[in-house]
1. Quick one: putting +1 on the C-beta of Lys and Arg, -1 on the C-beta of Asp and Glu, what dipole do you get for segment 192-304 around its Cα centre, in Debye to the nearest 20?
2. Assign unit charges at the C-beta atoms only (+1 for Lys and Arg, -1 for Asp and Glu), then state the dipole size of segment 317-430 relative to its Cα centre in Debye, rounded to the nearest 20.
3. Set Lys and Arg Cβ to +1 and Asp and Glu Cβ to -1, take the dipole of segment 459-608 about its Cα centre, and tell me which of THR589, LEU459, THR534 lies farthest positive.
4. In whole angstrom, note down how far apart the Cα centers of segment 115-183 and segment 86-108 are.
5. Within a 10 angstrom radius of the beta carbon, how do GLU639, GLU380, GLU460 rank from fewest other beta carbons to most?
6. What list do you get for HIS515, HIS419 if you sort them by fewest beta carbons within 10 Å?
7. In nm, to one decimal, how far is the ALA215 label point from the ARG598 one, both placed 7 Å along Cα→Cβ?
8. Specify which residue in the list PRO254, ALA625, THR642 is farthest towards the positive end of the charge dipole of the chain, using unit charges on the beta carbon of Lys, Arg (+1) and Asp, Glu (-1), about the Cα centre.
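Please treat every number below as a calculation from the coordinates, not as lab data. Given the structure is predicted, the values throughout are model-derived calculations rather than measurements. Backbone-built Cβ (ideal geometry, glycine too); neighbour counts: all protein chains shown.
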Amino acid sequence: MTTTTTTGAGGRSTRRRGGRGGLRLPVLLLATLLAGAAVAAEPITPLAPRAHADAAGGGGDYVPLSTNAVVLDTRSGTGTTTGTRAADSTTTFPVLGVGGVPTTGVGAVVVRVALIGPTAATWTALWPDGTTRPNQTMVSAAAGEDLSNVAVVRVGANGKLAIYNAAGKTHLVVEVQGYFKSAQGSTGGGFVPIAHTRVVDTRNGLGTNTGTIAAGGSRTLTLTGGKVPAGAAAAFVNVLVPGASTAGWLAVAPSGGSQRPLMNYETGSTQSGAVLTLPADGKVTIYNKGSAAVNVVLALEGYFAANPAQGAGLRNVTSRLLNTRTVGAGVPLAANATIDVQVGGTNGLPTRGIAGAVLNTVVTPDKAGYLKAWPVGEAEPDVSVMDFKADSWRDNAMVLKPGTDGKIRIRNGSSGTIHLIVDLQGWFADPLPAIPVAKDTRTTVMQAAPATGAIAGTLEYAYVDDSGRLRYGHQDDLGSFNSVQWTTISGNEAFTGQPALTQLADGRVQVSAQHQDGDIWTITQTAAGAATWTAWADFGGSVAGPPVVAKLGDNTAVQFAVDADGKLWAYAQTGAVPYWRNLGDQDLTTALDVVPVRDGVRVFGLNAQGAVKTVEYYNDGSVSAWTDLGGTGLTGAPEVITRPGYVLQVFVRGASGAIVTKTQDVSGAWPADWRTVGTYPDLGADTPPPAAGSPTAVTDASTGRISVVVRGTNSELYQVTETSTGSDTWGNWTKSVAASDPSATDPTALAYTGTNGASWLITFRDVNDASRIYDLKQG
């Protein structure tokens, strides 16, 4: 007889005896700006559990200031010493507590950044003081130009910002227009996107009188009552001064308020993003501070509500999404060509639920022209987001809601080529419902690669319990499953579904799981074999089910998951900006399996009609056509085994509860029909019941025979084994554990190397959430 030890929910150990069975050693586990800019990217801080809207407590509400707070002006010495800033110089200056900006509770600020009279073509970056300068550009200008732009930037922990000047000498000006709160409160409001729409054009009288604004003159505009509702706190706009004959600048004032700088403009056409504070009547006055009359055009991009329960809150992320000089061979964007830029699914962003992304675009053109930008999947707008001169850097900020698959499309509206940079400064989070914690989900088990000098690697386990905790198990002593050391690695985060385990190229173990916010989060050992972990990293994704992970031929880890629409997504953990990529809409359910093949990995899933679909993800990142293996009413998760020669065999639960299978032939073709696996002998009360869950399968390294294990409708585990090696014929279903040992979860099988050589195990959890492991080496 065999003796086992169990740990129940209260941690008390009990002893019980099981009857003799035909299996070896059942044991119980104790319950488990330019290409040449040499700057480092700003590290992305792992996001807190994301409540995707202000109203849900995520913060990020916008509070406009009554007048611009000048926090830096090197001409007057405000915030710093007086005098121009040299090339390759950094200037720090205080923001919190200056000019109406609070001393606490500020997550980020909206600022106007200006370059005044640079002696050489230059660009500037702005970032939280005390952190690494990001690979970003806020404003660029040619020698002698005065240009400004709007930017969204976090404030450093010390209440300061830092600004960098790349070349020549220049004066710098930074003015705060408003701020985003770091926590929910009773003031401020969320962002509401608007499809970019021109609402004012003095050239044709749209939204105003026809005719230019004279030098020293002004024009009062009403911005609410149409796209922007009455009572809105502020509007995000794109301001265009087309065809100016001389350089100058614009100021703006809400009705009853004081004037504040709006933008600088040069000869020709100049555009700048801006956030306009709106008074109760929705009226603002534009002042022309130049020496010649100008036309002014305003395009709406969104507005900020005055109610913190409305709109989307800001989430701070800093990243360069695109630089055509560093993509591939550095080929510029051709005349009148478009390029799609991935925004959603990068840098921890979801692929859906983005109300708007704060983006800055930079061009270096051959010819004069313009840029357009719009969500992929929507019609091209008739408004531009930037006008530019030939052979001169230009940039402009915008807020744009990503379209299909989280992408935006940008057109080069010129007769020459351009190099294009797109920087992400933050995004606004729409509300998304939290995902409930799935109950009784599978445990994942993996054997790590052996350490230097070791015969076999450690066993690693992970599962999510019914409260959402992620439990991690580590087993050094391969001769005793009772030696597994269990820890909770989720902290106060909540996860759901079966987690994934993989070992990175540097030997560190990585755990991936679906967070309740719908994103895929990962946590990684600080070093190979370490008992300590990095901070959680949010990969984003907006998926509906847990991930599966596989490694390509170069050891790149790739996450696969399904979204609420049944699309399969992949996230390759490589490249400058990893992102979630749509591999096709096959109406899949969330349960997947993935196995390595010669040229990459192959993913299997079930669609809503109960048919198995599969696609190959190649080592070079390309994807095969989808293959339909057919079936009707198949349920649960498919299980795939690789036979010698990379011949794949799929096992899945049929509608009747029988386990069915298909096996490729040597050419890779699949048969038409599904075959039932094993027979159910008439043993009276001991006759195996139909399967209640998804199968798990394993190849015994000693015999080469495949075994399939499944949980029956009576919660006991049953298995069937090939009658001989490579036969693909099957014997009778029998109990995996002779004594009664009901399982609350589907089992997981793993072939592993132990102290006595090659073997295989199953692991599951009982109704008390106690983890159990059995060694099932074939005799």
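1. Values: 7 positive and 4 negative charges, 21 e Å.
Its charge dipole is roughly 100 debye.
2. Numbers: 11 positive and 11 negative charges, 28 e Å.
So the dipole magnitude of segment 317-430 works out to roughly 140 debye.
3. The Cα lying farthest towards the positive end belongs to LEU459.
4. 11 Å
5. Numbers: GLU639 27, GLU380 10, GLU460 21.
Ranking GLU639, GLU380, GLU460 by Cβ neighbours within 10 Å, fewest first, gives GLU380, GLU460, GLU639.
6. Values: HIS515 25, HIS419 22.
Sorted ascending by nearby Cβ count, the order is HIS419, HIS515.
7. Computed distance between label sites ALA215 and ARG598 equals 7.7 nm.
8. Working it through, the farthest residue towards the positive pole turns out to be PRO254.
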